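K.L.:
Sharing a structure with you now.
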Amino acid sequence: MNKYMRINFFKTLSLVLLLATLNACDNEYESTPEDGNWVEKSDFEGAIRSGAVSFVINGIGYVGTGYNGVDRLNDFWSYDPSRNTWVRIAEFPGAARNGAIAFSIDGKGYVGTGYDGVNYLKDFYEYDPLTNQWTQLPDFEGVARHSAFGLGIDGKGYVGTGFDGDNQLKDFWAFDPTTNSWEQMTSVGGSKRINPIAFTIDGMAYVGGGVHNGAFQEDFWRYNPSSDSWEELSDLDHSTYGDDDVMRSETVSFVCHGKAYISTGIGNGTLTSTWVYDPSDGYWSEMTSFEGTARQSATGFSIDDVGYIVTGRNGSSRFDDIWAFFPLESYDDED
């Protein structure tokens, strides 16, 4: 091989190696796409806050109560995603509070429990959007508490876990709006906990994570209301999901297209990571990270298969922004 043939050979080899490298990079990118897209919406029009509650009625999101770092709050606001606008509604009539629970049942919203800065609370209220009025109902029959979870399933509300000032809790209660009465149900499986992950899919409640005795919990449970029973599911631990795992507290959860999504919270630091849970295989997959400031103690909801995260805090900083998550769209950092 003469001098010029050797030069051409090495030029050709270099080009082949370069193309192979570029193809490998392209293939690697295509095999690990980020799923879902976050879009910032019109700012929440109330004061900055964390520890607020939210519920949804007929395609409108409702957000209220919380703590701004100085005062507890009892204002309430409605959000219309079709117009991207906020409207202040009737003020919550109970003591201003944070760490309460909320859910909706059959066109009405329900709010109760929480902490007013001195007292742990167990009062309970119903909101009717048709009259823009709140009505006080019989108190929650468990002990007063904050940092519990609340869910609505098939015409009943459910409240469980939390902290009563002395003890962390794992009891579980059902509220029947037809009789305005409470019934104690089978306690949540596993450990006591505060601020757990909680959501509903297809008439089942899913609860896990949270904090007990200062440690993040990795267990995860499904509740069947028809049999009043809990089933333990796969853990939310490092061995399955890696260092940036699902295990966390003070997160936001919402359900879109029959799957559950969690984002933000506190775990391995203050989080922006977003995960989706598919009940068909019981597995979590990572999605596009939340694009706002990392935060905990936010609130959120879903409307028409779009998830929303509102308010929250990072350290002493509190927020008044709202972000929408479109789980079936591709990530776009220009919107």
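The values are calculated or read from the model by the stated rules, or taken from the named source; none is laboratory data. It should be emphasised that the depicted structure is a prediction, and the values quoted were computed from it without experimental measurement. As a convention, Cβ positions derive from the backbone with ideal geometry for all residues, glycine included, and neighbour counts pool all protein chains shown. Just so you know, the surface numbers come from the protein's heavy atoms only, side chains and all, with ligands and any DNA or RNA stripped out. Shrake-Rupley method; radii C 1.70, N 1.55, O 1.52, S 1.80 Å.
K.L.:
Restricting attention to region 156-176, does a residue exist that is in contact (Cβ under 8 Å) with a residue 60 or more places away in the chain and assigned to a loop (DSSP other than H, G, I, E, B)?
P.N.:
Taking every residue of region 156-176 in turn, none turns out to be in contact (Cβ under 8 Å) with a residue 60 or more places away in the chain and assigned to a loop (DSSP other than H, G, I, E, B).
K.L.:
Note down all Cβ pairs under 7 Å where the first residue falls in region 256-272 and is more than 25 Å from Gly203 (Cα to Cα) and open to solvent by 40 Å² or more (accessible area, probe 1.4 Å), the second is at pLDDT below 95 and not in a strand (DSSP E or B), and they're at least six residues apart or on different chains.
P.N.:
What qualifies is Asn268/Asp243; Asn268/Asp244.
K.L.:
Here's a follow-up. Has region 231-252 got any residue that is open to solvent by less than 20 Å² (accessible area, probe 1.4 Å) and either over 20 Å from Pro196 (Cβ atoms) or of a type in the set (Lys, Arg) (or both)? Don't jump to the end; show me each part of the working.
P.N.:
As a first pass, look at region 231-252 and keep what is open to solvent by less than 20 Å² (accessible area, probe 1.4 Å): 236, 245-246, 248-249, 252.
Then keep just the ones that are either over 20 Å from Pro196 (Cβ atoms) or of a type in the set (Lys, Arg) (or both); that gives 248.
Looking for residues that are open to solvent by less than 20 Å² (accessible area, probe 1.4 Å) and either over 20 Å from Pro196 (Cβ atoms) or of a type in the set (Lys, Arg) (or both), one finds at least one in region 231-252, hence yes.
K.L.:
Separate question: Mind listing whichever residues of region 196-214 are open to solvent by 30 Å² or more (accessible area, probe 1.4 Å) and in contact with a Ser or Thr (Cβ under 9 Å, 6 or more places away or on another chain)?
P.N.:
Let us first name the residues in region 196-214 that are open to solvent by 30 Å² or more (accessible area, probe 1.4 Å), namely 200, 202, 204, 212-214.
Hits for region 196-214 are His212, Asn213.
K.L.:
Can you name the condition, by its number, that Tyr331 falls short on among (1) closer than 24 Å to Gly258 by Cβ; (2) open to solvent by less than 50 Å² (accessible area, probe 1.4 Å)?
P.N.:
It fails just one condition, (2).
K.L.:
Conditions: (1) over 21 Å from Arg313 (Cα atoms); (2) open to solvent by 70 Å² or more (accessible area, probe 1.4 Å); (3) modelled with pLDDT of 95 or more. Glu45 meets all but one. Number of the miss?
P.N.:
(1)
K.L.:
A further question on this structure: Could we say that Val111 is surrounded by fewer than 17 Cβ atoms within 10 Å (Cβ to Cβ) and of a type in the set (A, V, I, L, M) here? Walk me through how you get there before you give the answer.
P.N.:
Details: surrounded by fewer than 17 Cβ atoms within 10 Å (Cβ to Cβ): no; of a type in the set (A, V, I, L, M): yes.
No, not satisfied.
K.L.:
Can you tell me which condition Ala20 does not meet? The list is (1) open to solvent by 70 Å² or more (accessible area, probe 1.4 Å); (2) at pLDDT below 95, and all the others hold.
P.N.:
With respect to (1) open to solvent by 70 Å² or more (accessible area, probe 1.4 Å); (2) at pLDDT below 95, Ala20 is out only on (1).
K.L.:
What about Ser297, is it of a type in the set (Gly, Ala, Ser), without any contact (Cβ under 8 Å) to a residue 60 or more places away in the chain, open to solvent by 10 Å² or more (accessible area, probe 1.4 Å) and in contact with a strand residue (DSSP E or B) (Cβ under 6 Å, 6 or more places away or on another chain)?
P.N.:
no
K.L.:
Give the number of residues within region 82-108 that are within 18 Å of Ala47 (Cα to Cα), open to solvent by 30 Å² or more (accessible area, probe 1.4 Å), assigned to a strand (DSSP E or B) and of a type in the set (D, E, K, R).
P.N.:
Residues meeting the conditions: 1.
K.L.:
Quick check: is even one residue across region 213-226 in contact (Cβ under 8 Å) with a residue 40 or more places away in the chain and among the small types (Gly, Ala, Ser)? Walk me through how you get there before you give the answer.
P.N.:
The initial filter retains those residues of region 213-226 that are in contact (Cβ under 8 Å) with a residue 40 or more places away in the chain, namely 213, 216, 223, 225.
Right, trim to among the small types (Gly, Ala, Ser) and you get none.
No, the conditions are met nowhere in region 213-226.
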